[in-house]
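The values are calculated or read from the model by the stated rules, or taken from the named source; none is laboratory data. Here the structure is a predicted model, which means the values were calculated and not measured. When we count neighbours, we look across all protein chains shown, and the Cβ atoms used for this are built from the backbone with ideal geometry, even at glycine. Note: areas computed on protein heavy atoms with side chains; ligands, DNA, RNA excluded. Shrake-Rupley method; radii C 1.70, N 1.55, O 1.52, S 1.80 Å.
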Amino acid sequence: MDKQALAEKVVDTMYTNDYFSQWLGIERVKVEVGHCILHMKVRKEMLNGFAIAHGGITYSLADSALAFASNSHGIKAVSIETSISHTQQVIEGDIITAEAEEVKLSNKIGIYNITITNQHNKKVALFKGTVYRTSKEWFPG
């Protein structure tokens, strides 16, 4: 199996079992080795008491992008450190997109930057994630 097919198979498998990402309404736009683009629509039940998206919504979208991008190599990876900066409010009806880009990859650690934009291509959040790469393959053999 080539690297691209492996990346797609891993993300398909992960998404099938990721009920939270499904509940969020996350759609996969692009999956490549070390790279992922996802988007979703912000719904009313995702708003906080200020009538803007709860910070956990953009965080969760970015976290899913991190998971998919970091596992796309076929090696199981889990986050060990993440952070987010919210740069602009997100409101009901916004379509937000997360793009995960691999910054550094070693045998045990991966570092990713995830940029979240709205439908007007304005940055609404910046997320950084570090993952630990286990020695376990997604599809051994």
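Within region 45-56, not a single residue is hydrophobic (A, V, I, L, M, F, W, C), open to solvent by less than 40 Å² (accessible area, probe 1.4 Å) and under 12 Å from the mean Cα position of the chain (by Cα). Has region 103-111 got at least one residue that is under 24 Å from His54 (Cα atoms) and outside any loop (DSSP other than H, G, I, E, B)? No: zero hits. Per the conditions (1) surrounded by 14 or more Cβ atoms within 10 Å (Cβ to Cβ); (2) farther than 22 Å from Leu6 by Cα, the sole criterion not satisfied by His39 is (2).
No other residue among Glu92, Glu102 is within 24 Å of Ser135 (Cβ to Cβ), open to solvent by 10 Å² or more (accessible area, probe 1.4 Å) and in contact (Cβ under 8 Å) with a residue 24 or more places away in the chain apart from Glu102. Residues in region 57-69 that are open to solvent by 40 Å² or more (accessible area, probe 1.4 Å) and in contact with a helix residue (DSSP H, G or I) (Cβ under 8 Å, 6 or more places away or on another chain): 0 in all.
The residues of region 15-36 that are open to solvent by less than 30 Å² (accessible area, probe 1.4 Å) and either part of a helix (DSSP H, G or I) or at pLDDT below 95 (or both), listed by number, are Ser21, Leu24.
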